[in-house]
Amino acid sequence: MNGMSLPARTFTRIIIVPVLAFGFSLFLHGHISYSAGFAGGVIIALGLMLVMLAFGKNELVKRLAPPRAAAAAGIFLAFFLLLGMLGIVYGGSFLSGFLGTGRHYELFSSGVILFSNIALCLVVAGSLLALLFSLASYRK
Amino acid sequence: MTSIQLLLALVLFAAIIAVEAKDLVSSVIAIAAAGFAIALCFLILKAPDLAVVILIVEVLALTLFIHATHRTDSPAATTFDLFSSITVLVFALLFLLVASRAVADLPTFGYPLAKNAAAHVDEGFGTAGTPNIVAATALGFRAYDTLGGITALFLVALGVMMLTERRERS
């Protein structure tokens, strides 16, 4: 599969930056606006899948192979667990909020939820990318 | 309320089309139409977070299903069978009988039986510090559930990777 036609490639070039920016804004800012990290992770994975469909799977899968994406997902899953362990040490119970809440509606206003939101989003993005890319490169 | 009932009728119609369509691509598109109508229902019920998630997951599922079915253009073989038709009819009637009894016992819409969710809604802004109640519940009060969910997703990705890897080698 060598990608799509020229209009589809041009449209992908235009649309990919807003799509990725929307995904990043969801997982960096979503806990104080309107959506949690799951949607952000799926949006990032879908944007990269759009690139894969438009430009062919060879280049992107070579750079972001499924083992690498799964390794990134595992690292951020371990980061989520580490946040839970820090909750035991400083807050008293597993996964408890130990950072304290600042002023409302600010970026660092919700303690540990910001970091666990980032970890959740990247675990979802890495897992879905590993799944999709390994399914796409299944039939040579 | 009537718009929700119209959307639910659309969902039922799309589901019947998805079962009865002759080729697989039509039924995949009908399934996607049902999913988008459900997302609109959540938007009307003032749950935009859930609507966003369902929209995105429907797009993902539509892409995967079309990728899986657009080459195998095999029509579903449906022949009329008297025994299975009668069985389906009997079980559908039984289900409707039981469901009509069960629906009468449900609590009124908007007044749930579970009282601890009200505490999450009331204390979420103060305790967790996020104005987004969904994020406060998913990552604060119910963080165990989120941890289990993303662990399951990670394990699914690892399993698919392992299966496809082994098939390539042999």
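Quick note: the coordinates plus some simple rules give every number you see, no bench work behind them. Remember, predicted model here, so these are calculated numbers, not experimental data. As a convention, Cβ positions derive from the backbone with ideal geometry for all residues, glycine included, and neighbour counts pool all protein chains shown.
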- Taking interchain pairs and intrachain pairs at least six residues apart, which have beta carbon atoms under 9 angstrom, with the first residue in segment A:29-45 and facing chain B (nearest Cβ under 8 Å) and without any contact (Cβ under 8 Å) to a residue 24 or more places away in the chain and the second in a loop (DSSP other than H, G, I, E, B) and not aliphatic (A, V, I, L, M)? A:Ser33/B:Pro131; A:Ser33/B:Asn132; A:Tyr34/B:Asn132; A:Ser35/B:Asn132; A:Ala39/A:Gly30
- Out of segment A:47-96, which residues are surrounded by 20 or more Cβ atoms within 10 Å (Cβ to Cβ), at the interface with another protein chain (Cβ under 8 Å from one of its Cβ atoms) and either over 14 Å from the mean Cα position of the chain (by Cα) or without any contact (Cβ under 8 Å) to a residue 60 or more places away in the chain (or both)? A:Pro66, A:Ala73, A:Leu77, A:Phe80, A:Leu95
- Note on the structure: Of (1) in a loop (DSSP other than H, G, I, E, B); (2) without any contact (Cβ under 8 Å) to a residue 40 or more places away in the chain, A:Tyr105 satisfies every one except (2)
- Which one of these does A:Ser127 not meet: (1) touching a residue at least 12 places away in the same chain (Cβ under 8 Å); (2) surrounded by fewer than 24 Cβ atoms within 10 Å (Cβ to Cβ)? (2)
- Message: I need the full set of residues from segment A:97-140 which are within 24 Å of the chain's Cα centre (by Cα) and polar (S, T, N, Q), in order please.
- Response: A:Ser109, A:Ser110, A:Ser116, A:Asn117, A:Ser127, A:Ser134, A:Ser137
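Residues that are under 28 Å from A:Gly23 (Cβ atoms) and of a type in the set (Gly, Ala, Ser): which helices (runs of 4 or more DSSP H) entirely in segment B:1-109 hold 2 or more of them? Before the answer, list the steps.
Numbers: elements: B:2-20, B:24-44, B:48-69, B:82-104.
Counting at least 2 such residues, we get B:24-44, B:48-69.
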- Message: Consider segment A:105-127. How many of its residues are at the interface with chain B (Cβ under 7 Å from one of its Cβ atoms) and not β-branched (Val, Ile, Thr)?
- Response: 8
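Residue-wise test of (1) hydroxyl-bearing (Ser, Thr, Tyr); (2) within 25 Å of A:Phe115 (Cβ to Cβ); (3) loosely packed, with under 11 Cβ neighbours inside 10 Å.
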{"site": "B:Ala104", "(1), (2), (3)": "no, no, yes"}
{"site": "B:Pro107", "(1), (2), (3)": "no, no, yes"}
{"site": "B:Thr130", "(1), (2), (3)": "yes, yes, no"}
{"site": "B:Ala143", "(1), (2), (3)": "no, yes, no"}
{"site": "B:Gly149", "(1), (2), (3)": "no, yes, no"}
{"site": "B:Leu158", "(1), (2), (3)": "no, yes, no"}
- Note on the structure: Here the residues within segment B:114-170 that are touching a helix residue (DSSP H, G or I) at 6+ places or on another chain (Cβ under 8 Å) and in a loop (DSSP other than H, G, I, E, B) are B:Ala128, B:Gly129, B:Thr130, B:Pro131, B:Asn132
- Do you know which residues across segment A:113-140 are in contact with a helix residue (DSSP H, G or I) (Cβ under 6 Å, 6 or more places away or on another chain) and part of a loop (DSSP other than H, G, I, E, B)? A:Ser137, A:Tyr138
- Item | For A:Ser25: the one exception among (1) over 21 Å from B:Met161 (Cβ atoms); (2) among the polar types (S, T, N, Q); (3) more than 13 Å from every other protein chain (Cβ to nearest Cβ) | (3)
